[in-house]
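Shown next, in structure tokens, is the structure this report addresses.
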Number of protein chains: 2
Amino acid sequence: MCGSPTAASRLTLRDAGNIIDGMKIAVLAPPWFAAPPTGYGGIEWVVSLLADGLVDAGHDVTLFASGDSQTKAELRAIHPVAPSEWIGRSFWELRHVLHCFGQAAEFDIVHDHSGPFAAALSSSIETPVVHTVHGPLAGEPGDLYDQVTKIAPRLGLISLSQNQRKPRPNYNWVANVPNALDLSVYPFRPQRGDYLLFLGRMSPDKGAHRAVAVAMEANVPLKIAGKLQEPKEQQYFDEFVAPHLGDGIEYLGEVTHGQKVELLQHARATLFPIEWEEPFGLVMIESMACGTPVIATRRGSVPEVIEHGRGGVIVDDYRIMGAALEQADRIDPLECRRLVEERYSPLRMVADYVRAYETAIERVPS
Amino acid sequence: MCGSPTAASRLTLRDAGNIIDGMKIAVLAPPWFAAPPTGYGGIEWVVSLLADGLVDAGHDVTLFASGDSQTKAELRAIHPVAPSEWIGRSFWELRHVLHCFGQAAEFDIVHDHSGPFAAALSSSIETPVVHTVHGPLAGEPGDLYDQVTKIAPRLGLISLSQNQRKPRPNYNWVANVPNALDLSVYPFRPQRGDYLLFLGRMSPDKGAHRAVAVAMEANVPLKIAGKLQEPKEQQYFDEFVAPHLGDGIEYLGEVTHGQKVELLQHARATLFPIEWEEPFGLVMIESMACGTPVIATRRGSVPEVIEHGRGGVIVDDYRIMGAALEQADRIDPLECRRLVEERYSPLRMVADYVRAYETAIERVPS
């Protein structure tokens, strides 16, 4: 630490080649759920782990999130309670993002997780901004990011997987930082159970119906859990999943964290039969952390997240998932756990992000 | 006109003291309804009149609005159809605003009507931006504008009334530009009818219930028309308006433009018993345009919009509106019309805005 220099003097020190251990970092969470979230909210979990991890690593961290968040960082909130019922509304997002950006001069770096609006607005402030892209970059989201990066050319982008970058390889990428897990809440269990598990929201991309087909053909029980809220999710579920329930195929609804861990620990394997370019896929590392291998289709981030033959089995077509079961059975549960400990620990994620901040600061034109 | 110089060379010309007749102007409408709107949408009407009027005045105008808009200007749309069902959502607003700002270098000035989101983003572009504040500046909207003007200190703000500025007198105001009407669709009728009229959405601020009280005490029929969609509006209507209907007091629902004009033309007077700081109040000029005087409480923009004794009668308390009726009866319908022609014509509004653009461009640090 170097006392309390101004942002300018800190930059001067850095220009002179000095490495500063404690950076002043603003982490901007999405406003819609508390960090960590009480229910659904993958981004908020990652943001929460990151903010705590940066504090543990000796940085001076301020988390901009709703007032009902819990963090080791200094918490600054303009919304006392997460405005979940207004999710996606400009007014609430604008208040939250401007609350952070209005104080940006205090920080060496602003790390945005809130979304494309903050990313676009980043060109309004002097402080360097990095932005983690949490969604896909194909189709309409990609068109929006084209607009964002045009108006904010200095913005440093961070991907969750190399595959996520494929539609837009020429953006100003400063790092690839896979997500991480708090391993303490995913206890390892060396013994496996006898059923297959599908965890994920009810959507054709995620493929609960393909998991059903695999389980039926292999004549193995299947447990399904996941988000079923939107009308589209309900329609998909009613048409392609519900008719097959019973006779060993079970839908458990949306489960709590503890229930999820129990399901993972006692499964024979987790099925991940996606048919889209998944940017990351937290479920895969959740499963491996509990000692359960993943059988996944070769799409999106899958080949980067799973080590074929160690954390799971990667197949080219979901129709051979049944045949891959025995190969999955031979995978050592301990190796699944180790893979996650090696690659998906908060310590690794924090170190990656700190390097990303340094890269972004170095790229600022002097 | 001066051929097709770059924005920079145009600025140089301007710096040298030359007045350029034809400015390159981008007008940014809200994305939620077509301009002009087919139904509700006061801002979209004003934007539409302005864009057409600027073209008529010889400027090179591009209107950024949804693709179902109609305009004399060049129309550029990222949303082929106004995404009304997504009103207030960041994603749709961001796509629309960035579509304009990404092309801002083509223009001498960008005139935003879309809202605080674009106002905040204005600091991301070089082209000067002016922003008409269409809502109030007290309370939470004022807090949001404090954030916006902090991050976008060069933004030029335009008020609809001097009263609207009162909570925030120190903003970077470049002009006060009252709204205007397309007088051709508000035909004048010199004869008056026998009923009182209340036009406005169902809200305590607007005061349909006070209009009811005035009509009852004066024993004069009352016709009420206005927006009744939100649960809050319904609750207010059910509790404070509906019980008094019948016996000369009538609610006509939401009316079309033509029905509104007929109602205005045949009324004895329009009641405007507001109890809030109305930023402008289009209904007042709509009524006067048709030849019908307005009886209004002295709040918000009222003393600026009505000339007491000419276009209507201003009272300090709605309870003396009944007593003011005879004074309103003595007002010459032709004077009501003339007041609107003098002060609220599109020509006047267009000239005011052009001066505002010149002021904003001159304030840009060279």
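Across segment A:128-140, the number of residues qualifying as buried (at least 17 other Cβ atoms within 10 Å of the Cβ), over 14 Å from the mean Cα position of the chain (by Cα) and either within 14 Å of chain B (Cβ to nearest Cβ) or at pLDDT below 95 (or both) comes to 1. Would you please name the residue that is farthest from the other protein chains (Cβ to nearest Cβ), looking only at residues in segment A:106-120 that are out of contact with any Phe, Trp or Tyr (no Cβ under 6 Å at 6 or more places or on another chain) and among the aliphatic types (A, V, I, L, M)? Only one residue fits best here, namely A:V110.
Taking first residues from segment A:302-320 that are closer than 16 Å to A:R343 by Cβ and partners that are among the hydroxyl-bearing types (S, T, Y), the Cβ contacts under 6 Å between residues at least 6 apart in sequence or on separate chains come to A:E304/A:S161. If only residues of segment B:155-172 that are more than 23 Å from B:S48 (Cα to Cα) and in contact with a Lys or Arg (Cβ under 8 Å, 6 or more places away or on another chain) are counted, the one that is surrounded by the fewest Cβ atoms within 10 Å (Cβ to Cβ) is B:N172.
Listed here are the residues, each with its yes/no results for (1) touching a residue at least 12 places away in the same chain (Cβ under 8 Å); (2) within 16 Å of B:L98 (Cα to Cα); (3) outside any loop (DSSP other than H, G, I, E, B).
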{"residue": "A:T127", "(1), (2), (3)": "yes, no, no"}
{"residue": "A:L137", "(1), (2), (3)": "yes, no, no"}
{"residue": "A:D146", "(1), (2), (3)": "yes, yes, yes"}
{"residue": "A:P153", "(1), (2), (3)": "yes, yes, no"}
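For segment A:60-79, does any single residue satisfy the condition of being at positive phi and of a type outside the set (A, V, I, L, M, F, W, C)? The answer is no; no qualifying residue exists.
Inclusion of B:T71 among residues that are β-branched (V, I, T), in contact with a helix residue (DSSP H, G or I) (Cβ under 9 Å, 6 or more places away or on another chain) and over 22 Å from A:Q147 (Cα atoms) is warranted. Scanning segment B:78-105 for residues being assigned to a loop (DSSP other than H, G, I, E, B) and more than 14 Å from chain A (Cβ to nearest Cβ) gives a total of 2. Would you check if A:G248 is at positive phi and open to solvent by less than 30 Å² (accessible area, probe 1.4 Å)? In short, no. For segment A:312-350, a residue qualifies if it is part of a loop (DSSP other than H, G, I, E, B) and more than 18 Å from A:E278 (Cα to Cα), and the qualifying residues are A:M321, A:G322, A:A323, A:A324, A:R330, A:I331, A:D332, A:S345.
Tallying residues that are touching a strand residue (DSSP E or B) at 6+ places or on another chain (Cβ under 9 Å) and not polar (S, T, N, Q) within segment B:141-168 yields 11. Selection of segment B:338-360 for residues being open to solvent by 10 Å² or more (accessible area, probe 1.4 Å) and in contact with a Lys or Arg (Cβ under 7 Å, 6 or more places away or on another chain) yields an empty set. Is it the case that A:A118 is in contact with an Asp or Glu (Cβ under 7 Å, 6 or more places away or on another chain) and surrounded by fewer than 20 Cβ atoms within 10 Å (Cβ to Cβ)? Here the answer is no, as A:A118 does not meet what is asked. Selection over segment B:142-180 of residues that are within 17 Å of the chain's Cα centre (by Cα) and within 14 Å of chain A (Cβ to nearest Cβ) gives a count of 0. With respect to the conditions (1) crowded, with 18+ Cβ neighbours inside 10 Å; (2) hydrophobic (A, V, I, L, M, F, W, C); (3) modelled with pLDDT under 50; (4) assigned to a loop (DSSP other than H, G, I, E, B), A:A35 falls short on a single one, namely (3).
Test A:G41 against the stated conditions and say whether it is away from chain B (no Cβ under 14 Å), at positive phi and out of contact with any Pro (no Cβ under 6 Å at 6 or more places or on another chain). Answer is yes for this residue.
Among the residues making up segment A:270-296, those that are surrounded by fewer than 23 Cβ atoms within 10 Å (Cβ to Cβ) and over 17 Å from A:P178 (Cα atoms) are A:E275, A:W276.
One line per residue, one yes/no per condition, for (1) under 24 Å from B:F188 (Cβ atoms); (2) free of Cβ contacts under 8 Å to residues at least 40 places away in the same chain; (3) acidic (D, E):
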| site | (1), (2), (3) |
| --- | --- |
| B:F240 | no, yes, no |
| B:Q265 | yes, no, no |
| B:L282 | yes, no, no |
| B:A296 | yes, yes, no |
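Which of the residues belonging to segment A:5-31 are open to solvent by 10 Å² or more (accessible area, probe 1.4 Å) and at pLDDT 95 or above? If the condition is that a residue be open to solvent by 10 Å² or more (accessible area, probe 1.4 Å) and at pLDDT 95 or above, then A:K24 is the only one that fits.
Of everything in segment B:216-234 that is within 24 Å of B:D317 (Cα to Cα) and in contact (Cβ under 8 Å) with a residue 60 or more places away in the chain, the residue that is surrounded by the most Cβ atoms within 10 Å (Cβ to Cβ) is B:V220. Beta carbons closer than 7 Å, at least 6 apart along the sequence or on distinct chains, pair a first residue in segment A:193-213 that is open to solvent by 10 Å² or more (accessible area, probe 1.4 Å) with a second that is at pLDDT 95 or above and hydroxyl-bearing (S, T, Y) for A:L199/A:T270; A:S203/A:Y236; A:P204/A:Y236; A:R210/A:Y318. In this structure, is A:S66 in contact (Cβ under 8 Å) with a residue 40 or more places away in the chain and away from chain B (no Cβ under 14 Å)? No.
Every condition in (1) at pLDDT 95 or above; (2) over 19 Å from B:D332 (Cα atoms) is met by B:D247 except one, and the failing one is (1). The number of residues in segment A:70-98 being open to solvent by 40 Å² or more (accessible area, probe 1.4 Å) and over 23 Å from the mean Cα position of the chain (by Cα) comes to 3.
The values are calculated or read from the model by the stated rules, or taken from the named source; none is laboratory data. Because the structure is a prediction, the values reported are computed rather than measured. Here Cβ is always computed from backbone atoms with ideal geometry, including for glycine, and neighbour counts include all displayed protein chains. Each accessible area value is taken on the protein alone, full model and side chains, heavy atoms only, with ligands, DNA and RNA left out. Shrake-Rupley method; radii C 1.70, N 1.55, O 1.52, S 1.80 Å.
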